Amino acid sequence: MKRGFFLSIIGFVFLIVIIWLTIRFWPKPSDTIYEYYRKEKWEKVIGAVKKLDLPSPEDLFYASYSLVRLNADLISKEPEDRVRIVNRFKKDYGISSGKSTESSGEFPVFEDPFLTQLRAGGYWRQKAVLSRLDIAGEWEDDIAFLKDLKELIRVNPITLGSSYSTVLRKILKRETKLSESERDRLSELLGFLSTREDSPFLASRFKNTGENTNLRSGPGTENPGKARLKKGILLYAVDKDPRSETVQGRKGNWVQVYIPELQISGWIFSHFLEEDPFSSSKAEQMLTEFSQSERSQAWDFAFWTEDKIPPGFHGEYSPTEKLALDGDYGIVLYRSKNGKYKELCRIVEEPFRSLEFVATSLSGEETVPIFKLYSGRPGDWKPAYQIDLDRESVSINRNKYITGISSAKGRYLLGINSSVGAPTASLMVGEKTVLQGIQPEAEFTSEEGVLFKLCLLQPDKKSDSNAAAFRFKFLF
């Protein structure tokens, strides 16, 4: 009897543990959506996102991208297959379609219900528009294409990295009809990009040196002319024919150019091109403006109550103190006596370029871990950077800098550079860069789908050394 009773209790406890583990580690909808996206199961992405009551911006981007990829696949389908697929999408997902015209006749174009749900100016909206122009730019109708192009030239090109320039160079081969102000904006933007080392537009700014130079529809004198170009008109190189040729006794190459003033593209012989660099002072001014216009997201502890986990964080919480200093509210963090820590974590919703944090050392002589930054995705997080603080120094991955701040509240900036090769980090104290080229604890890439998670570290056993974190501000 007793043996059966104890076996029942053990079985019940085992069942509770299994249920808890299942709930704890069962894939979240967004994780499943990302896996479908990564494996290029486009229709499964769309179906999974349509089932969500409140899809995240990231999920909406994956669905928008998947819909465009599926739309592009229709080009190779027979007309009757196109009709069948379009009807099924209308029935199963409530996604309607309109008609466009491309090389093989009428072509159905899906309406994108996901793009319209993304916040204007937001990172994922910008990526969705960029992807749409990259994939659908050749077959979208003029109205849709022009709408996307206008939105693209209004966003911050720094945020989207080199892919912004790559897509822009591709789509400028298509004729456009922008307003005068939009045309001027595009011309300045191209000038700025021609000074950027991470841009395919680098050193692409030229002027025409000939009188009534013939702009041709293709590379070669056998191709018909599109326009006669006045001397000195501004041009941007978007492509080049690698074959050398001799024209009028001069050897060179045919270069495909975009002309902002005329809003057309065409081919011109390299002999008539003279490099015309964009103003370096203007480029620096524009870079400053782009940097200052970056969106940001801030986390603070103003409305946090000590008896509960800080808003937005998750994990195992050990009650700690709230501190008010110079008008800011902070959370008190301790160094562990035994080296063991619990983690209070919060996922950063979008990839960011830098993280500003405000912290101070309170007491004790030993360093206190302020936070640890992970990269990856739920279920596959890798340690990237850890920030430690003591009364006289700040450290990033054990690389120490003597601050001399003592116990005063300090402002620090962690920057992540992923433009060339593997990402590295830098650290600023106030306005001074004190550490740079810091490698992450575990290698990671800045590829699509990689997120960051910030974790506050709480000890099992507290020591006499403690510090406080007041604010985290992410710049996108």
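Residue by residue, here is whether (1) over 26 Å from the mean Cα position of the chain (by Cα); (2) farther than 23 Å from E321 by Cβ holds:
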| residue | (1), (2) |
| --- | --- |
| T403 | yes, yes |
| I416 | no, yes |
| I438 | no, yes |
| S465 | yes, no |
| F474 | no, yes |
### Message
Condition check: touching a strand residue (DSSP E or B) at 6+ places or on another chain (Cβ under 9 Å), of a type outside the set (S, T, N, Q) and not in a loop (DSSP other than H, G, I, E, B). Does A227 satisfy that?
### Response
yes
### Task
Return the only residue of G122, G98, G94, G137 being at positive phi and assigned by TED's automatic domain parsing to the domain that holds I75.
G94
### Query
Restricting attention to the stretch 360-399, which residues are buried (at least 22 other Cβ atoms within 10 Å of the Cβ) and part of a loop (DSSP other than H, G, I, E, B)?
none
#### Entry: Scan of the stretch 244-292 for residues that are in a helix (DSSP H, G or I), closer than 23 Å to L186 by Cα and of a type in the set (S, T, N, Q), ordered by number
S280, S281, Q285, T288, S291, Q292
#### Entry: Odd one out for T320 among (1) among the β-branched types (V, I, T); (2) exposed (fewer than 15 other Cβ atoms within 10 Å of the Cβ); (3) more than 31 Å from the chain's Cα centre (by Cα)
(2)
### Query
Can you pull out the residues in the stretch 190-242 that are of a type in the set (G, A, S) and either modelled with pLDDT of 95 or more or surrounded by fewer than 19 Cβ atoms within 10 Å (Cβ to Cβ) (or both)?
G191, S194, A203, S204, G210, S217, G218, G220, G225, A227, G232, A237
### Query
Within the stretch 319-359, how many residues turn out to be in a loop (DSSP other than H, G, I, E, B) and among the aliphatic types (A, V, I, L, M)?
0
### Task
Answer yes or no: is there a residue in the stretch 327-343 that is modelled with pLDDT under 95 and farther than 24 Å from S393 by Cα.
no
### Query
When the residues of the stretch 103-136 are filtered to those that are touching a Ser or Thr at 6+ places or on another chain (Cβ under 6 Å) and of a type in the set (D, E, K, R), which remaining residue is nearest to K50 (Cα to Cα)?
D112
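The values are calculated or read from the model by the stated rules, or taken from the named source; none is laboratory data. As the structure is a computational prediction, the values presented were derived from the model and not from experiment. Backbone-built Cβ (ideal geometry, glycine too); neighbour counts: all protein chains shown.
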